[in-house]
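Comments concern the structure below.
What follows is calculated from the coordinates using simple rules that are stated; it is not laboratory data. Keep in mind the model is a prediction, meaning the values are calculated, not measured. Neighbour counts are summed over all protein chains in view; Cβ atoms, including those assigned to glycine, are modelled from backbone coordinates with ideal geometry.
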Amino acid sequence: MIDGTALTASMVVPEVADAVGSGLSPSLKNFVLSIIAGGVVLTVIVGVVIGVANFDPRLRKMGFQMQPYGIQSMLKEGHKHLSGLDEAVIKNIDACKQLSNITRTSLGPNGMNKMVINHLDKLFVTNDAATIVNELEVQHPAAKILVLAGKAQQEEIGDGANLTVSFAGEILQNAEELIRMGLHPSEIISGYKKAINKTEEILEELVEKGSETMDVRNKDQVVSRMKAAVASKQYGLEDILCPLIADACIQVCPKNPSNFNVDNVRVAKLVGGGLHDSSVVRGMVLKHDAVGTIKRVENAKIAVFAQGVDTSATETKGTVLIHSAEQLENYAKTEEAKIEELIKAVSDSGAKVIVSGGAVGDMALHFCERYKLMVLKISSKFELRRFCRTTGSIALLKLSQPNPDELGYADSISVEEIGGSRVTIVKNEEGGNSVATVVLRGSTDSILDDLERAVDDGVNTYKAMCRDSRVVPGAAATEIELARKLKEFSFKETGLDQYAIAKFAESFEMVPKILADNAGLNAMEIISTLYAEHAAGNTKVGINLEEGACNDVTATNIWDLYVTKFFALKYAADAACTVLRVDQIIMSKPAGGPKRDPAAGMDED
């Protein structure tokens, strides 16, 4: 042990001192011995520290592990924390740009299809942006904001989701350029807010005069305003689809058009034939056959039973002791007599059709046949609810005699074979019904799914028309005029906002550029021609994709609804400003362990 006294040359082992001292001067000998003595002290100190550390495990742990500091000491292990321009803002913008690049090539009538396979291995081949972003299962938090903006547009209007996501990605890309130039995100957000407010003012000025008054039951007017929305999904088929959609919507339009419900227009997809074989049915089309042998009824009164048509079972099991064959025969006869009594009561009420929401018993079906009652089975409670709305029926909980006001009515209910499939058609030609069905025909399920999305867009456009029928010129005519006037507005601003406003205006050029690129045209030439025409006062000049030139698009009835443009640009700007406001991302460790393989242990069937 060392007691703290100085270690001198005399304290070194004598043999070492003699070995060192041989042949050296006294002063040099003392110098060498002092160095050796210092090494001994250092070795002893290190040995003492190691011994103490080995004795106390807490000190040993502190010696080899650094304590967390800052935000790491506040959050659980496994979290992620990103901050600053490069880590948070630029990476957020990059994620949004990647999502925008996926959807933007599907914009317009010549938009490309995307093949999306979701987590259930279901295949989607479509250019509908709402379907694409729904099935992508986006994980990045910033890109999710754009997905939510697209979903909000789809729920509010039913069309324009692609414009929302693509435009938001474009203005974020331009914001990135401004950030790299040195502008602060707050200045960019301020400029973007001024730009979107000015855009709303300019959009009001571009509304076609007289379009605010429209008869939503006039088929020609409806088709002309629906054409652009349907053509963006099924280019070349809009002349077939638009009249079908317009007929279906006009049939179910209530007295107050603002109460129009898109759920009242149904789509029945039947494989076989072609789109030219499609039709509209005033009523419902059920994709299954009748249960019994009666396949057609005219002027039908309908009784609907939600729980099924069968004998009701007791809640608890019972035991019956039978002593003779006569008792067994009487037991069965009692059940038959009870069911016959119930079915006869339904028949006596005037009903010709029984609709069951559950199982139909064999004995009940036998007596239905005896009393000439047609039997339908509808398993889906949603479809049963729509059937009741179509026919005016009231669904009864148990099998009993219905009152006259609980019976529904249909002009005819018949089973027909369409393309090899047997379907039940419920017609109400005299009106008073609230459901119409568009029967679509096509060669494959994938084509029919895409046609259904086009019909949904058309129906949602009709609903938007009922709310606000104002229109603006389509085919990028409105976007170029917005870009031109916003650039003029930016020149009048004196602060740093002018750069953000100018970039916002430049973002509108995305629409004509994508339309031209998708059609195989020279985008720069098209944009310069549009600017020249609009500067000369021809504000209705857009891109005629069929001719590959720029001319007045209103002559060919290419209109966009004002409300679709308004909400699409508003949601896009709001989403972009939300992303730009984020300067830090803090993510906790995902819950749970590794994901189980869903296919493990399952048969292929």
Legend entry - Interchain or long-range residues, amide H under 5 Å from residue 396's placed H: 304, 305, 306
Inset, instruction - Return P(r) of the stretch 177-234 (all Cα-Cα pairs; 5 Å bins starting at 0; whole %; ordered from short to long distances). - result: 4, 13, 13, 13, 13, 12, 10, 9, 7, 5, 2, 0
Legend entry - Long-range amide H partners of residue 266 with built H, under 5 Å: 436, 437, 438
Legend entry - Those aspartates and glutamates that a straight Cα-Cα span of less than 15 Å connects to residue 151, excepting residues fewer than 8 apart in one chain: 128, 135, 137, 159, 456, 457, 574
Inset, instruction - Mind jotting down a quarter of the surface of the convex hull over the alpha carbons of the stretch 374-447, in square nanometres, one decimal? - result: 6.5 nm²
Legend entry - Residues residue 327 and residue 372, FRET efficiency given R0 of 25 Å [Cβ-Cβ distance, rounded to 0.05]: 0.15
Inset, instruction - Report the semi-axes of the equivalent ellipsoid for the stretch 259-351 in whole Å, largest first, where each axis is √(5λ) for an eigenvalue λ of the Cα gyration tensor. - result: 43, 16, 16
Inset, instruction - Can you grab the distance from the C-alpha centre of the stretch 113-146 to the C-alpha centre of the stretch 517-541, Å, no decimals? - result: 32 Å
Inset, instruction - Name the aspartates and glutamates eligible as straight-distance cross-link partners of residue 492: C-alpha to C-alpha under 20 Å, and not fewer than 8 places from it in the same chain. - result: 187, 200, 201, 205, 481, 506
Inset, instruction - Could you tally the net charge around residue 540, taking each other residue with its Cβ under 11 Å from the Cβ of residue 540, Lys/Arg +1 and Asp/Glu -1? - result: -4
Legend entry - Cα-based Rg / Dmax (Å) for the stretch 407-446: 12.8, 39
Legend entry - Length-normalised contact order of the stretch 490-582 in % [C-alpha pairs under 8 Å, at least 6 apart]: 13 percent
Legend entry - Contour excess over end-to-end distance, with Cα ends at residue 215 and residue 299 and 0.36 nm allotted per residue: 27.0 nm
Inset, instruction - Kindly give Rg over Rh for the stretch 453-552, based on alpha-carbon atoms, with the Kirkwood expression for the hydrodynamic radius. - result: 1.05
Inset, instruction - May I have the pair-distance distribution P(r) for the stretch 340-381, computed from all Cα-Cα distances with 5 Å bins from 0 and rounded to whole percent? - result: 6, 24, 35, 23, 10, 3
Inset, instruction - Just grab the label-to-label distance for residue 320 and residue 334, each label 7 Å out from Cα along the Cβ direction, in nm (one decimal). - result: 0.6 nm
Inset, instruction - Any chance you could list the semi-axes, whole Å, largest first, of the equivalent ellipsoid that the Cα gyration tensor gives for the stretch 141-193, using √(5λ)? - result: 25, 10, 9
Inset, instruction - With r as the distance between the Cβ atoms of residue 536 and residue 144 and R0 = 41 Å, compute the FRET efficiency 1/(1 + (r/R0)^6) and round to 0.05. - result: 0.40
Inset, instruction - For the stretch 243-377, compute the number of Lys pairs whose alpha carbons are separated by less than 19 Å, excluding pairs fewer than 8 positions apart on the same chain. - result: 16
Legend entry - When the convex hull of its Cα atoms is projected in every direction, mean area for the stretch 85-174 (nm²): 6.0 nm²
Inset, instruction - Decide, for the stretch 220-379, between rounded, prolate and oblate: order the square roots of the alpha carbon gyration tensor eigenvalues as a ≥ b ≥ c, take rounded if a/c falls under 1.5, and otherwise choose prolate if a/b is larger than b/c, else oblate. - result: prolate
Legend entry - For 379, 279, 414, order by how many other beta-carbon atoms lie within 10 Å, fewest first: 379, 279, 414
Legend entry - For residue 551, distant residues with modelled amide H under 5 Å away: 542, 544
Inset, instruction - Express the Stokes-Einstein translational diffusion coefficient of the stretch 143-227 in µm² s⁻¹, to the nearest whole number, given a Kirkwood radius over alpha-carbon pairs, 20 °C and a viscosity of 1.002 mPa s. - result: 135 µm²/s
Inset, instruction - Measure of size requested: the Rg and Dmax of the stretch 309-430, with Cα atoms as the atom set and Å as the unit; please supply both. - result: 17.3, 60
Legend entry - Label-point separation, residue 204 to residue 491 (7 Å along Cα→Cβ), nm: 2.5 nm
Legend entry - Set of aspartates and glutamates near residue 427 by C-alpha distance (under 16 Å), chain-local residues within fewer than 8 positions excluded: 247, 289, 298, 383, 411, 416, 417
Inset, instruction - Starting from 0 in steps of 5 Å, tell me what percent of the Cα-Cα pairs of the stretch 309-368 lands in each bin. - result: 4, 15, 22, 21, 17, 11, 6, 4, 0
